[in-house]
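To keep things clear, I will list the structure first and then write my remarks on it.
Each reported figure results from applying straightforward, stated rules to the coordinates on display, with no laboratory input. All figures in this text were calculated on a predicted structure; none of them were measured in a lab. Note that each Cβ is placed from the backbone with ideal geometry, even for glycine, and that neighbours are counted across all protein chains shown.
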Amino acid sequence: MSEQSRKVIVAVDGPAASGKGTFAKALAARLDYAYLDTGSIYRAIAHEVLERGGDPTNVEDVKPVLETIKYPLPDTVLKNPDLRTPRVEDATPHIGAMQEAQAAVRSYQEDFVKNPPDNAAGAVLDGRDVGTSVFPQADVKFYVTATPEERAKRRYQQQKDDNPGLTPEMVLKDITLRDARDMNRQFSPLRPADDAHILDTTEDTPTETLEKGLAAVKAKIAPPRMKNGTGKFRFGR
Ligand code: C5P
């Protein structure tokens, strides 16, 4: 594969509610790259295990669901609002910690990058271990973070209308627990890659974060490789 036809890979990792999804989506839109929320695949697995009456901590209950994880999964699966319920949210880090699930989601990501939607010139993938483990060769890596208090504040604002009993303290406790599970797991724990650009969103607006990200991509990738198959080129708009 020539250097120009190889797809550009941008890895965006970080903890829950850090703003990595917002950043990764906006970055992909500006670059005309495909975007993949890898967390939604783990959530979809957790959801399906629960739907089948299985135990998300038991790998034997998870394995049959992993057989169904083939690229491309439809939006009805990956954008199912049930993936955001507390039940699925609690179950997902157990799936994320399983080597078998990591292998299935890794293959999914590899297929996505080889054959991205709309033949895009590159892909932005957001997750926990994209730059450290799945694509250590990624062209550009970001680690998006914010203080636990700020992340809890954001998550509380998003969820309070749907969860009348929720308090900011409950959200902070939940986020701290999820961080601990993701950072202390045995396989592919959440951590910044050595060569990741750290984007702390505690004080920055989404626009400021996006501008920093675009500058980092521009510094790294030669313009011809940024174009997609349709010749669209929106970088630096
Ligand atoms: O990004 P999101 O909050 O949707 O991820 C939900 C959970 O899925 C994370 O807390 C983590 O346990 C797991 N996950 C993972 N690896 C990824 C993405 C998500 O283990 N690449």
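With an a/c value of 1.5 or above and a/b not larger than b/c for the gyration tensor axes a ≥ b ≥ c computed over the alpha-carbon atoms, the chain is described as oblate.
Extending 7 Å from Cα along the Cβ direction at residue 68 and again at residue 82 yields two label points whose distance is 1.0 nm. Between amide H atoms placed 1.01 Å from N, distances below 5 Å from residue 146 occur with 201, all of them 5 or more places distant or on a separate chain.
With θ taken as phi - 60° and the Karplus curve 6.51 cos²θ - 1.76 cosθ + 1.60 applied, the whole-hertz 3J(HN,Hα) list for segment 110-122 is 5, 5, 4, 5, 5, 9, x, x, 6, 6, 4, 6, x Hz, x standing for glycine and proline. Taking the C-alpha atoms only, the angle from helix 20-31 to the longest principal axis of the chain is near 20 degrees.
Set the bar at 26 Å for Cα to Cα. Now go through 153/212; 79/212; 141/173; 173/212 and name every pair that lies beyond it. With Cα atoms farther than 26 Å apart: 79/212; 141/173; 173/212.
Work out the FRET efficiency for residue 170 and residue 103 from their Cβ-Cβ distance, taking R0 = 30 Å, and round it to the nearest 0.05. Write out the running numbers ahead of the final one.
Numbers: r = 34 Å, r/R0 = 1.12.
FRET efficiency, residue 170 to residue 103: 0.35.
From the helices alone, meaning DSSP H stretches of at least four residues, give me the mean residue ellipticity at 222 nm for the chain, per-run term -39500 (n - 2.57), in deg cm²/dmol to the nearest 500.
Values: 9 runs with 109 residues, N = 237.
Helices in the chain give a 222 nm mean residue ellipticity of -14500 deg cm²/dmol.
Close amide H pairs (under 5 Å, H built 1.01 Å from N) link residue 122 with 8, 34, residues at least 5 positions away or on another chain. Label sites at residue 52 and residue 6, each approximated as a point 7 angstrom past Cα along Cα to Cβ, lie 3.7 nm apart. Taking amide H atoms as placed 1.01 Å from N in the peptide plane, the amide H of residue 163 has no partner under 5 Å among residues 5 or more positions away or on other chains.
Look at the alpha carbon pairs under 8 Å that are at least 6 residues apart: their mean separation over the length of the chain gives a relative contact order of 34 percent.
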